[in-house]
Amino acid sequence: MLRRQFIAGALLLAFLIPNAAFAQTATAVYSAPKEAIDKLRDEGLNRSQVMQTLSYMTDVIGGRLTGSPNMKRANEWTRDKMKEWGMQNAHLESWGPFGRGWSLKSFTAVVNEPQYFPVIAYPKAWSPSTKGAVTSEVVFLDAKTNDDLAKYKGQLAGKIVLVSGERPLKPIDKPLMKRFGDEDLSKMATEPAPGPNDGNGPPPSAFKQITDYFNQQAQKMKFLQDEGAAVMIDNSGGGSGGTLFVQGASVGIEMGELKSIEDLFASPAFQPQNKKYEANMMPQVTMASEDYNRLVRMIKNGAKPKMTIEVNAQYHDEDPMQYNTIAEIPGTDPVLKDEVVMLGGHLDSWHSSTGATDNGAGCAAMMEAARIILASGLKPRRTIRVALWSGEEQGLFGSTNYVKQHFGEMKNGTLVKGPDYDKLSGYFNLDNGTGKIRGVYLQGNANIKPLFESWLTSFADLGAKTLTLSNTGGTDHLAFDGIGLPGFQFIQDQAEYDTRTHHSNQDNFDRIQAEDMKQASTIIAAFVYQAAMMDGKLPRKAVK
């Protein structure tokens, strides 16, 4: 999930698109016969394959950074797996150009003096390689202003530089694992319709702060490059006990005034994959806070620690395009088969682990939902289409480009429809980790509430019963919702998503909750199947 905190090290971002008024047309409430839902439940809960699918995706293929060989391998494997299950029109659909790929071939980071000890660290994605193994003194750059930077002039050539401060670590006094309680869900259910920007990115007033933050980072990197520093290391913005959170490399170019999310995604800060910025980057690493804090304290105590660091990375310039994986269960109704119900999640991940909760879990659940429908022998009237996106972590690129190509886009506040705009019934997304489904974010669409209430009655015993009018941001349903198409993200228990796994080196298969995955896959199968069986399409918002 594309979620980063702007100042702390990971930003909460969303696709900023104009808000829409709500259509007020009534839709007849359709629910599938009990025997159909029972078939889906039986297959999904008693003969699930979701964990096998996820294990191969994460344990065998591994991390899936957009543009990397592993990302392409994941595209091809998911395509072939869905084809093996009996899905049709399984293919890769290109978008882009995105830029160069990146993969890590080897990495070393150890402290040599005043005594030897290994550290927990990981290079940032798209970081340049070091020139072989670098053994050098570690310097703490204690600088918050340009005047502070000037104090280090002439002192950093060939050095390994710590560029952020200590991060105080408090005792863990709350569980890392969290589920929604009844009170939490009741509060969500009574939330009012969202305002114009709710869930759709930061307000305009925040962009100066965002610009200042990234420009400060760029100034530090340019100073380090000009001074000839060898490697820069920053402190993990979250986590403890060896967990670190690491994302993309920084670019040492200041940006102009930002006014929108689109401006930010197009800025150098979000373009380390752009080959033209290679000269504006240097080798850069994120370190777990316990190790980073220790080094800072050692230096403050008068020690001069030395480290050996080697980053051996490879850029991939062979194909600037990227791909979404698409596969379908064809519709059977002579009239409705050209209409489509979509479900999906983002297949790309960050690189320091295997992308299990973000978002292998969502992709495996969506694949499993389609498999459940096929294995149950049910024949949907509309076509059901699975889409596994790439480029989500860099700016929702895969889904946004797909929506533009097929369904349309907003231009100067006006909807320009694509060729398939009127063929889409709706899109369902899963991208909040391994937690079980508790309901649906309605994105302000009150008209759909009676329909989803009916569908959730079959799963109240599994803990799914909550509908909220509120928006949720940061993932691929936003591209659909932004042009007035029904696009929904399911409410999920948080599990360890924010506390341990999201964009961290602990985002691995062992953090997955198998029973939650079975529950989620089954509920998604039922929602998608029923949307494909209705006489009419899911109710839409009217776009101004």
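The values are calculated or read from the model by the stated rules, or taken from the named source; none is laboratory data. Since the model is a prediction, treat every value here as computed from it, not as a measurement. FYI the Cβ positions are ideal-geometry reconstructions off the backbone, even for glycines, and counts take in every protein chain you see.
Values as computed for the structure displayed
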item	result
Any hit, segment 339-351, residues being farther than 21 Å from F397 by Cβ and part of a loop (DSSP other than H, G, I, E, B)	yes
Residue check for A375: closer than 17 Å to A327 by Cβ, of a type in the set (A, V, I, L, M, F, W, C), surrounded by fewer than 22 Cβ atoms within 10 Å (Cβ to Cβ) and more than 15 Å from the chain's Cα centre (by Cα)	yes
Cβ-Cβ under 6 Å pairs, at least 6 apart or on other chains, segment 453-478 side in the same structural domain as W389 (by TED's automatic domain parsing), far side small (G, A, S) and not in a loop (DSSP other than H, G, I, E, B)	A464/G439; T466/A189; T466/G439; L467/G439; T468/A189; D476/S399; H477/G487
Residue check, A121 in contact with a strand residue (DSSP E or B) (Cβ under 8 Å, 6 or more places away or on another chain) and more than 19 Å from G248 (Cβ to Cβ)	no
Filter result (aromatic (F, W, Y) and in contact with a strand residue (DSSP E or B) (Cβ under 8 Å, 6 or more places away or on another chain)) within segment 402-458	Y402, F407, Y421, Y427, F428, Y441, F452
Scan of segment 112-139 for residues that are buried (at least 21 other Cβ atoms within 10 Å of the Cβ) and either under 27 Å from the mean Cα position of the chain (by Cα) or in a strand (DSSP E or B) (or both), ordered by number	A121, Y122, P123, K124, A125, W126, S127, V138
Members of segment 440-495 that are part of a strand (DSSP E or B), among the aliphatic types (A, V, I, L, M) and under 21 Å from Y30 (Cα atoms)	V440, L467
Top-ranked residue of segment 295-337 - restricted to ones that are surrounded by 13 or more Cβ atoms within 10 Å (Cβ to Cβ) and of a type in the set (D, E), ranked as farthest from I384 (Cα to Cα)	E310
Residue within segment 247-261 that is part of a helix (DSSP H, G or I) and under 21 Å from W126 (Cα atoms) present	no
Conditions (1) within 23 Å of the chain's Cα centre (by Cα); (2) over 19 Å from E113 (Cβ atoms); (3) of a type in the set (V, I, T): number failed by V285	(2)
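So that you can scan it fast, the table gives a plain yes or no per residue for (1) within 30 Å of V231 (Cα to Cα); (2) in the same structural domain as V311 (by TED's automatic domain parsing); (3) among the hydroxyl-bearing types (S, T, Y); (4) at pLDDT 95 or above:
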residue: R79; (1), (2), (3), (4): no, no, no, yes
residue: E84; (1), (2), (3), (4): no, no, no, yes
residue: M87; (1), (2), (3), (4): no, no, no, yes
residue: E93; (1), (2), (3), (4): no, no, no, yes
residue: Y122; (1), (2), (3), (4): yes, yes, yes, yes
residue: D148; (1), (2), (3), (4): yes, yes, no, no
